[in-house]
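Worksheet for the structure shown next.
The values are calculated or read from the model by the stated rules, or taken from the named source; none is laboratory data. Every value quoted in this text rests on a predicted model; they were computed, and no experiment measured them. All Cβ positions, even for glycine, are placed from backbone atoms using ideal geometry, and neighbour counts span all protein chains on display. Heads up: the accessible areas ignore ligands, DNA and RNA and are worked out on the full protein's heavy atoms, side chains in. Shrake-Rupley method; radii C 1.70, N 1.55, O 1.52, S 1.80 Å.
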Amino acid sequence: MRTIDPGKHAARRAAILAAARHCFARKGFHQTSTAAICAQAGMSPGNLFHYFATKQAIIAAIVEQEGSETAAYFDERQGGADAYGALLDFMDAVLALAADGDVAGLALDIAAEALRDPDIAARVARNDATLRAGVQALLENAAAQGQADATLDMAQTASWIATLVDGIFNRVAVDPHYAPLAQRDSLHVLLARFLRPALV
């Protein structure tokens with residue numbers, strides 16, 4: 001019986017997900033064949049099915065991967081001395097991701113698939129909850145540090161920021177002239193006016 005090298009297995013799995021991300025972003029989930037994913041990953045179709053039984057399993061794994069990355073991102077930034085700065089850094093990261101055509105295309109394709117597939121919808125909802133919880137924790141820390149208005153409902157504010165994040169990606173989809181990174185200064189002003197403590 002052949003033993004599986006965990007390191008090689010994880011590397012091949014990661015390569016498949018990276019290839020699928022690229023293909024889904026460029027052509028869409030339903031328009032991408034498993035053969036195209038295999039070609040991008042440099043492997044045979046038979047080899048791919050050792051890692052993922054279906055194309056649906058691949059997109060589910062991508063969503064799970066994104067959720068893990070989001071959780072890790074916020075875990076690394078909680079408890080710092082500048083929670084408001086960490087929140088601005090997060091929004092800057094969102095702008096950078098939205099400026100990446102592959103990332104933006106994949107985000108919208110996953111959102112579309114969530115409308116069709118209850119399993120993907122549940123995974124996306126968990127990711128959204130993770131993002132909102134991470135933002136809420138930063139807001140609460142910022143308020144405790146005197147950097148944010150403590151009278152705000154932090155759960156609702158986090159939901160509004162999540163809505164803003166969604167809107168940035170949607171704007172990329174509908175406006176070919178929209179340059180996310182060019183919006184950084186305006187976004188920082190908007191957040192400051194909304195989040196900063198009122199001057200007495």
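Can you work out the Karplus-derived ³J(HN,Hα) for every residue in the range 139-156? Use 6.51 cos²θ - 1.76 cosθ + 1.60 with θ = phi - 60°, whole Hz, and x for glycine or proline.
Here the 3J(HN,Hα) series is 4, 5, 5, 5, 5, 5, 8, x, 9, 9, 5, 6, 7, 5, 6, 5, 5, 5 Hz.
Please list 96-102, 13-19 highest first by mean number of surrounding beta-carbon atoms within 10 Å per residue.
Values: 96-102: 15.9, 13-19: 17.7.
Highest mean packing first, the order is 13-19, 96-102.
State the Cα centre-to-centre distance between the range 101-142 and the range 1-75 in whole Å.
19
Counting pairs of alpha carbon atoms under 8 Å apart in space and at least six apart in sequence, what relative contact order in percent does the range 1-111 give? All intermediate terms of the calculation are to be shown ahead of the outcome.
On the way: 60 pairs, mean separation 39.3, N = 111.
This gives 35 percent for the range 1-111.
Taking the Cα centre of the chain as origin, sum charge times position over the Cβ atoms of Lys and Arg (+1) and Asp and Glu (-1), and report the length of that vector in debye to the nearest 20.
Numbers: 17 positive and 22 negative charges, 141 e Å.
Approximately 680 debye in magnitude.
Working with all protein chains in place, sort Tyr73, Tyr84 by solvent-accessible area computed with a 1.4 Å probe, largest first. Please list the in-between numbers first.
Numbers: Tyr73 50, Tyr84 15 Å².
Highest to lowest solvent-accessible surface, that is Tyr73, Tyr84.
How large is ³J(HN,Hα) for each residue in the range 111-119, as worked out from phi by the Karplus curve 6.51 cos²θ - 1.76 cosθ + 1.60 (θ = phi - 60°), to whole Hz, x for Gly and Pro?
Values, residue by residue: 4, 5, 5, 5, 6, 9, 10, x, 5 Hz.
Report the net charge of residues surrounding Arg184, where surrounding means a beta-carbon distance below 13 angstrom and charges are Lys +1, Arg +1, Asp -1, Glu -1. Don't skip to the answer; put the middle values down first.
On the way: positive: none; negative: Asp89, Asp92, Asp185.
With Lys, Arg at +1 and Asp, Glu at -1, the neighbours total -3.
Apply the Karplus parameterisation 6.51 cos²θ - 1.76 cosθ + 1.60, with θ equal to phi minus 60°, to every residue of the range 15-23 and state each ³J(HN,Hα) to the nearest whole Hz, in sequence, with x for glycine and proline.
With the stated coefficients, the range 15-23 comes to 5, 5, 5, 5, 5, 5, 4, 4, 5 Hz.
Using all Cα-Cα distances in the chain, what percent lands in each 10 angstrom bin from 0 up to the longest?
8, 31, 31, 20, 9, 2, 0, 0
Under the 0.36 nm per residue contour assumption, what length would be gained going from the current alpha-carbon distance of Arg126 and Gln78 to full extension? Intermediate results must be reported in sequence, preceding the final value.
Working: separation 48, 0.36 × 48 = 17.28 nm, distance 1.95 nm.
Stretched out fully, the Arg126 to Gln78 stretch lengthens by 15.3 nm.
How far, in nm, would the chain grow between Leu164 and Lys8 when pulled straight, counting 0.36 nm per residue and subtracting the alpha carbon separation? Don't skip to the end; give the middle numbers.
Details: separation 156, 0.36 × 156 = 56.16 nm, distance 3.91 nm.
Once the chain is fully extended between Leu164 and Lys8, it gains 52.2 nm.
If you count only protein heavy atoms and use a 1.4 Å probe, how large is the accessible surface of Phe29, to the nearest 10 Å²?
Around 10 Å² of this residue is reachable by solvent.
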